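The values are calculated or read from the model by the stated rules, or taken from the named source; none is laboratory data. Nothing here was measured: the structure is a model prediction, and the numbers come from that model. So basically every Cβ, Gly included, is an ideal-geometry build from the backbone, and we count neighbours across all protein chains shown.
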Amino acid sequence: MISRPGPVVIRLEDGPESADQVGPLLARAGIRLGQPVVVLVGGASGMSTADVATASALFDGALVPALRTTGAGLVDGGTNAGVMALAGSARSRASLGGTHIGVIAAGVLVDVGGSDRSSDPMQLEQHHSHVLVVPGADWGDEAPWLSRVATVVSDGQPSVTLLVNGGDIAYQDMELSLEAGRPAIVIAGTGRTADDIAASPPATPRARALACSPLVRVIPATASGVLHALREALSGR
């Protein structure tokens, strides 16, 4: 475990027992297991200016209040881009403590005390409480680990995936969430993948398959609606 300004960086070593090590590794880092969890997935560098403004307002008006009142932790991709950067900034503006874990494939990082590199590296978002660096060389390799981390941290408590905007990897994140039995809230009006799923009919076969799942709920991008949906999901109802 590497201590540095910003998030505590934890590295999960690659190996046949890596999945079983997630819980002990997070617990040793001081993360409380058995708390409600919001899994935030969606857009990174591909968000438009308007979509950024919409997401930022939703995080200030809905995501942060939901985390505060339910005591839920937040799990996302951890890089300093898109919804991850916006969520970190929103939590910082609200002086919100608690758990905020970024899950990042080793190969996309610039500086976590090692030599990992990729053709498109990103810096860590500095307002996260922790970042878990997982095996993988490229974007999307973190997706199964992100879902695993949410399951381990919630440890039987309610968890929900929140989709805001999103590119191709967001489809994978959503599919993995549903495979884990985790309900998902799709915010219509935030752009790209979220709007493809919310369209009537959904824009692609992949979007249609997600929209048809009984675990998926599509709601408009209003702070009151998103706040209510998050509180309801995190209460287990």
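Some points to look at:
- Just one of the listed residues (G102, G98) is loosely packed, with under 15 Cβ neighbours inside 10 Å, outside any helix (DSSP H, G or I) and not hydrophobic (A, V, I, L, M, F, W, C), and it is G98.
- Residue count for the range 185-222, restricted to those that are closer than 18 Å to D60 by Cα, outside any loop (DSSP other than H, G, I, E, B) and polar (S, T, N, Q): 0.
- Here A55 passes the criteria (1) surrounded by fewer than 16 Cβ atoms within 10 Å (Cβ to Cβ); (2) within 29 Å of A229 (Cα to Cα) except the one numbered (1).
- Residues that are over 20 Å from I219 (Cα atoms) and charged (D, E, K, R) within the range 37-93 comprise R68, D76, R91, R93, listed in sequence order.
- Yes/no for R32 being in contact (Cβ under 8 Å) with a residue 40 or more places away in the chain and surrounded by fewer than 20 Cβ atoms within 10 Å (Cβ to Cβ): yes
- Residue within the range 188-205 that is more than 17 Å from V83 (Cα to Cα) and within 17 Å of the chain's Cα centre (by Cα) present: no
- Among residues of the range 11-50, those that are under 17 Å from the mean Cα position of the chain (by Cα) and closer than 18 Å to N80 by Cα, counted: 9
- Under the condition of being buried (at least 16 other Cβ atoms within 10 Å of the Cβ) and touching a residue at least 40 places away in the same chain (Cβ under 8 Å), the residues counted in the range 62-76 number 9.
- Across the range 153-168, the qualifying residues are those that are within 14 Å of the chain's Cα centre (by Cα) and in a helix (DSSP H, G or I), and the one among them that is nearest to A66 (Cα to Cα) is S154.
- Filter pass, D196 being surrounded by 15 or more Cβ atoms within 10 Å (Cβ to Cβ), of a type in the set (D, E, K, R) and modelled with pLDDT of 95 or more: yes
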